[in-house]
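Notes follow the structure.
Nothing in this text is a laboratory measurement; each read-out follows from the coordinates by a stated rule. All figures in this text were calculated on a predicted structure; none of them were measured in a lab. Cβ coordinates were reconstructed from backbone atoms using ideal geometry, including for glycine residues, and neighbour counts include every protein chain displayed.
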Amino acid sequence: MAETAPYPAPLALPAIHASHAGCWLRRGERTEGVGKGEAVMVAADSPLLMINAPLLATRLGYPDLSGLDLLELFAFIHPARFCVPTPRGLAHALGLAEPAGDDDVPRFLQVAGAALLTRLTDPAWPEREGAWSALQSLARLRWSWAGVIAPHLARPDSAEKWLFSRLPEWEEAGERPQPAQIRLEDAAVDARLAALTGEGAERREGQRSFARAAAQIFAPRTRRDAPNMLLAQAGTGIGKTLGYLAPASLWAQASGGTVWVSTYTKNLQRQLRSESARAWPERRPDGTRPVVIRKGRENYLCLLNLEDALQGGFGGRAAVMAQLVARWAAYSQDGDMIGGDLPGWLGTLFRSRAIRSLTDQRGECIYAGCPHYRKCFIERAARASAGADLVIANHALVMVNAARGRDHAQRPTRIIFDEGHHVFDAADSTFSAALTGAEAVELKRWLLGPERGSKGRRRGLAARLADVASYDEAGGKAVAAACDAAEALPSQGWLQRLAEGQPSGPLEELFAAVRALTYARDESGQDAGYAIETEAAQLDGAFVELAQQAAAALADIRLPLIRLGVRLEALLAEGPDWLDGQGRARIEGARGSLAWRIDLLAAWEALLGRMGGPADPDFVDWLAVERSDARDYDVGLHRHYLDPTKPFAHTVLAGTHGVMMTSATLCDRGAEGPDWAGAVARSGAAHLDIAPQLAEAISPFDYANAAEVLIVTDVAKGDLAALAGAYAAIIDACGGGVLGLFTAIRRLRAVHGRIADRLARAGLPLYAQHVDPIDTGTLVDIFRDDPAASLLGTDALRDGVDVPGESLRCVVMEQVPWPKPSILHRARRAANGGAAHDDRIIRARLAQAFGRLIRSKDDRGHFIVLSPAFPTRFTSAFPPGTPVLRVTLEEALHRVARANLLEDRSAAVAQGNPAR
């Protein structure tokens with residue numbers, strides 16, 4: 001291995017590496033292959049250099065593995081910087097040569113460790129501020145790297161600005177005036193698009209027509225509650241992002257208004273942030289940002305939670321993790337912990353779920369009562385979005401803000417829903433209700449505070465509003481009444497009491513009845529399996545009485561909360577002397593938090609009120625027991641709209657002036673072409689009595705020569721050995737670069753367990769969701785970074801994964817992606833054409849999966865379905881012109897291997913080596 005930079009000698013520390021192909025240990029100047037047993041003994045006896053300890057522990061079968069993980073060192077030295085958590089990824093991040101093979105990795109770790117430590121003495125090291133102070137805290141926590149780092153990190157001459165003093169304060173800004181009413185001309189849109197794509201860029205008529213169509217949503221609205229609406233299907237390669245950013249940026253500049261672009265996946269949000277740089281500068285002359293990313297509160301670091309963790313709220317390894325998060329927060333662009341610039345692997349690196357507790361998971365923010373309120377990442381993003389030209393958000397945030405009636409500055413009037421095929425699912429989630437044990441326990445904690453023995457800063461309602469209660473007698477009584485009534489809610493240990501037949505209180509008694517009835521009616525035969533459910537129908541009198549008692553207990557909580565909300569409003573109106581600006585902001589925050597919990601309680605009461613009565617045609621209700629690995633983890637009642645676009649239309653769409661929904665798979669493509677009627681029905685337009693404009697831009701890719709769909713006819717359904725053998729053979733024939741999609745986690749794990757070792761021995765690493773201790777986003781990063789790697793996954797990888805080029809050359813589906821036969825699906829199937837409804841879902845899933853394969857004009861690849869009985873009617877899901885062949889596995893392997901050989905020859909010719 002030859003380094004690309006003159007780094008010092010490798011660290012004189014032993015190093016270890018393990019893959020599915022074996023284990024390698026380096027001691028002194030020698031690297032040797034060792035068995036897992038010996039590797040575990042050495043690792044348990046002395047600290048070793050390693051990378052990605054949780055993954056290494058999985059490979060060795062030694063869950064207690066610990067040592068000198070280079071990823072921890074990287075996170076300390078370069079917080080908020082990206083690094084793929086593999087030897088190859090670390091080499092790229094540090095500018096080092098990649099290790100030549102598995103046996104070269106231990107020496108590479110020594111070199112990489114030396115390279116990282118050298119940066120501590122570099123005068124130009126940009127993340128020096130705060131490092132020495134953080135190291136002192138980490139040393140007290142006995143962090144394994146502290147003693148190694150200390151000799152290389154000099155004490156600063158003056159006191160360092162640490163996290164809370166480094167963060168800037170946000171500033172209040174005046175309310176933005178309403179946008180001017182303008183109409184965009186086609187010539188202006190064309191000119192802006194040309195400017196964004198750049199001089200000399202290929203002129204694409206499909207992109208131009210798409211941009212012109214998008215411009216129409218910015219025209220003045222002619223009727224109240226009737227937005228200008230466009231449904232636009234844009235094939236892969238059209239360039240739809242710049243296609244809609246061109247008119248959006250033009251309108252924002254000319255009108256002084258804000259455009260919101262809503263996505264479903266974090267990957268597209270990152271892509272949009274990058275693309276938007278073509279239309280807007282990083283900052284305006286006054287220092288404000290014209291482009292802001294907005295997510296739900298639960299995505300951002302809560303500084304008060306972090307302070308609690310740093311002051312003893314976390315212990316052991318979690319406390320070390322908190323210190324590294326604090327290092328990151330001081331350099332983060334926006335404090336986004338989920339999909340932002342915090343390494344996705346940091347939480348799994350410490351085998352801790354505590355990282356999520358550093359965000360505001362349950363809306364417990366105390367707003368202006370927080371000492372870090374003026375530096376809060378969430379508040380900064382919210383205020384920045386009110387004055388931004390472009391806000392990049394997600395479907396859930398847009399819908400939740402509208403549903404909770406937030407101030408109009410946060411209610412967009414011009415929205416582009418990218419990944420628009422997910423709007424239905426996002427609305428389904430937003431406008432549903434679930435009265436479960438876990439949700440009820442969280443409500444009790446919000447009202448009463450943490451139970452005895454629990455750690456953390458969480459405080460009950462009475463503590464949060466103590467000053468209000470002391471000033472306002474009626475408000476104090478309302479708080480006391482709500483807290484007294486909250487004793488009826490479930491508490492810690494409720495699941496155990498249900499299992500023992502000893503429920504306590506009206507809610508636990510109801511959940512016990514739900515659990516018993518669901519198990520009694522279960523016909524799935526999943527004694528060792530997953531969630532079970534039953535209709536909320538044909539309920540006996542005893543069950544209905546328990547539901548009524550639970551509803552009454554919930555009403556006893558909701559009514560005093562309503563009275564409290566009235567008193568808080570009165571306080572704001574009357575303005576007592578002690579209520580300064582900060583106090584008013586805190587009460588405003590409390591009102592918002594109260595409002596959505598009052599709505600939640602009302603939804604639960606409505607759900608319980610339906611028990612035993614006639615069915616409501618607008619809703620689907622059922623009872624469920626959630627299970628994992630044959631153990632119950634939640635019990636409850638569920639209610640979903642039969643058509644969730646109904647509340648979506650009235651809550652979100654009606655208040656807008658212009659809306660666009662776009663996607664490569666917006667409408668089903670049956671044998672007769674695009675099904676626009678289905679797309680319109682799923683958009684919510686019918687509930688507002690508007691007829692949206694329709695547009696389609698066909699993909700420019702030559703699918704006839706770029707891709708083949710191979711339907712393999714001789715891998716029998718249910719034969720796990722044959723399925724695993726097929727996957728191994730395909731990955732081997734492709735030389736890696738395979739994305740394998742499964743409809744069941746059990747089969748994914750079984751296939752991975754059978755083939756990972758032999759593929760690794762051939763130099764073809766295999767990663768898998770639900771197997772490797774790595775978050776999904778990081779798995780995709782690893783897959784994208786290594787053309788020899790392959791990745792197995794489920795639904796999360798079927799859509800929104802962008803891996804262009806050599807890293808993804810083949811997509812394999814283990815069977816037809818049939819819809820899960822749930823109670824909710826059965827109801828929607830009956831209401832939407834029966835089998836035709838299923839067919840639309842399946843074709844959409846196939847189209848989304850196929851869309852992972854060809855991402856650029858140079859991409860080539862195969863889409864393989866291991867299903868002998870693949871129905872012909874589903875082949876219309878693939879782009880027109882794509883060859884669809886029914887072949888044996890042997891023929892499929894021949895075609896894949898031949899295509900790869902041709903690609904290799906083409907690459908060799910391009911590199912001037914035609915004899916290769």
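Students often check this: by mean Cβ neighbours within 10 Å, which of 421-432, 335-346 ranks highest, and how do the rest follow?
Highest to lowest by the protection proxy: 335-346, 421-432.
Quick one: the Cα spread of the range 714-818 along its three principal axes, in angstroms, biggest first?
33, 31, 24
Roughly how compact is the range 778-866, stated as its Cα Rg over 2.2 N^0.38 Å to two decimals?
Relative to the rule-of-thumb radius for its length, the range 778-866 sits at 1.27.
Averaging over every viewing direction, what projected area does the convex hull of the Cα atoms of the range 15-160 cover, in nm²?
For the Cα atoms of the range 15-160, the hull's average projected area reads 9.1 nm².
Principal axis lengths of the chain from Cα atoms, whole Å, largest first?
Cα extents, longest axis first: 85, 72, 65 Å.
Of PRO156, LEU272, LEU96, whose Cα points farthest to the positive end of the dipole of the chain (charges on the beta-carbon: +1 Lys, Arg; -1 Asp, Glu; origin at the Cα centre)?
PRO156
Determine the relative contact order of the range 15-160: mean sequence separation of Cα pairs under 8 Å and six or more apart, normalised by residue count, in whole percent.
21
Can you give me the span-like helices of the chain, meaning DSSP H runs with 20 Å or more of Cα extent along the axis and Kyte-Doolittle mean at or above 0.5?
Qualifying helices: 105-119, 541-574, 720-734.
How many angstrom lie between the Cα centre of the range 715-752 and the Cα centre of the range 178-215?
Each part's Cα centre sits 45 Å from the other's.
Using only alpha-carbon positions, what ratio does the radius of gyration of the range 433-641 give when scaled by 2.2 N^0.38 Å?
The range 433-641 yields a ratio of 1.14.
Could you sort 302-310, 542-550 so that the peptide with the highest average Cβ count within 10 Å comes first and the rest follow in order?
Averaged packing, sorted descending, gives the order 302-310, 542-550.
Once amide H atoms are built 1.01 Å from N in the peptide plane, which residues 5 or more positions from ALA697, or in another chain, come under 5 Å H to H?
Here GLN233, ALA234, GLY235 satisfy the definition.
May I have the convex hull volume per residue, in Å³, for the Cα set of the range 296-364?
Convex hull of Cα atoms, per residue: 76 Å³.
For the range 487-513 and the range 231-291, what is the separation of their Cα centres, given in Å?
50
What is the distance, in nm, between label points placed 7 Å from the Cα along the Cα-to-Cβ direction at ALA722 and at GLU205?
It works out to 4.8 nm between the two label points.
Tell me, what is the FRET efficiency for ALA691 and ARG873 to the nearest 0.05, using R0 = 30 angstrom and their Cβ-Cβ distance as r?
Calculated value: 0.55.
Given a Förster distance of 25 Å, report the FRET efficiency between ASP838 and ALA537 from their Cβ-Cβ distance, rounded to the nearest 0.05.
For ASP838 and ALA537, the calculated efficiency is 0.65.
Check which residues have an amide H placed less than 5 Å from GLY449's amide H, if you skip close sequence neighbours.
Under 5 Å from the amide H of GLY449 lie the amide H atoms of GLY460, LEU461, each far enough along the sequence or on another chain.
From the P(r) of the range 208-290, could you give the percentage of C-alpha pairs in the tail past 21 Å?
Value for the range 208-290 (Cα pairs over 21 Å): 34 percent.
What lysines could a cross-link reach from LYS266, if we take a straight Cα to Cα line under 21 Å and drop same-chain neighbours fewer than 8 places away?
Reachable lysines: LYS240, LYS295.
Which whole-number percentage describes the relative contact order of the chain, with Cα contacts under 8 Å and a sequence gap of 6 or more?
14
Evaluate the charge dipole of the chain about its Cα centre and quote only its size in Debye, nearest 20, assuming +1 on the Cβ of each Lys and Arg and -1 on the Cβ of each Asp and Glu.
860
Would you kindly state how much longer the chain becomes between ALA219 and HIS152 on full extension, computed as 0.36 nm times their sequence separation minus their alpha carbon distance, in nm to one decimal?
Extra length available between ALA219 and HIS152 comes to 18.0 nm.
Starting from 0.36 nm per residue, how many nanometres of slack lie between ALA606 and ALA570 once their C-alpha separation is accounted for?
Using 0.36 nm per residue and subtracting the Cα-Cα distance, I get 10.1 nm.
Go ahead and collect, in residue order, the members of the range 213-234 whose backbone nitrogen is under 18 Å from a label point 7 Å along the Cα-Cβ direction of ARG183.
213-224, 227-230
Under a cut-off of 20 Å between alpha-carbon atoms, report the lysines in cross-link reach of LYS820, not counting same-chain residues fewer than 8 places apart.
By straight Cα distance, LYS820 reaches LYS717.
If you average the C-alpha positions of the range 854-875 and of the range 413-483 separately, how far apart do those two centres end up, in angstrom?
Taking the Cα centre of each part, the range 854-875 and the range 413-483 sit 46 Å apart.
Return the FRET efficiency for the residue pair ARG521, ARG81: r is the Cβ-Cβ distance, R0 is 60 Å, and the value is rounded to the nearest 0.05.
Taking R0 as 60 Å, the efficiency between ARG521 and ARG81 is 0.65.
In nm, what is the difference between 0.36 nm times the number of residues separating ARG898 and GLU500 and their Cα-Cα distance?
Here the answer is 137.1 nm.
Please state, as a whole number in µm²/s, the translational diffusion coefficient that the Stokes-Einstein equation yields for the range 703-910 at 37 °C and 0.692 mPa s, with Rh defined as the Kirkwood radius across alpha carbon pairs.
Value of D from the Cα-based Kirkwood radius: 189 µm²/s.
Extending each Cα 7 Å along its Cβ direction at SER144 and ASP103, get the distance between those two points in nm, one decimal.
2.6
Quick check: convex hull of the Cα atoms in the range 612-658, volume per residue, rounded to a whole Å³?
124
Show me the ranking of peptides 763-774, 54-65, 272-283 by mean Cβ neighbours inside 10 Å, starting with the highest.
763-774, 54-65, 272-283
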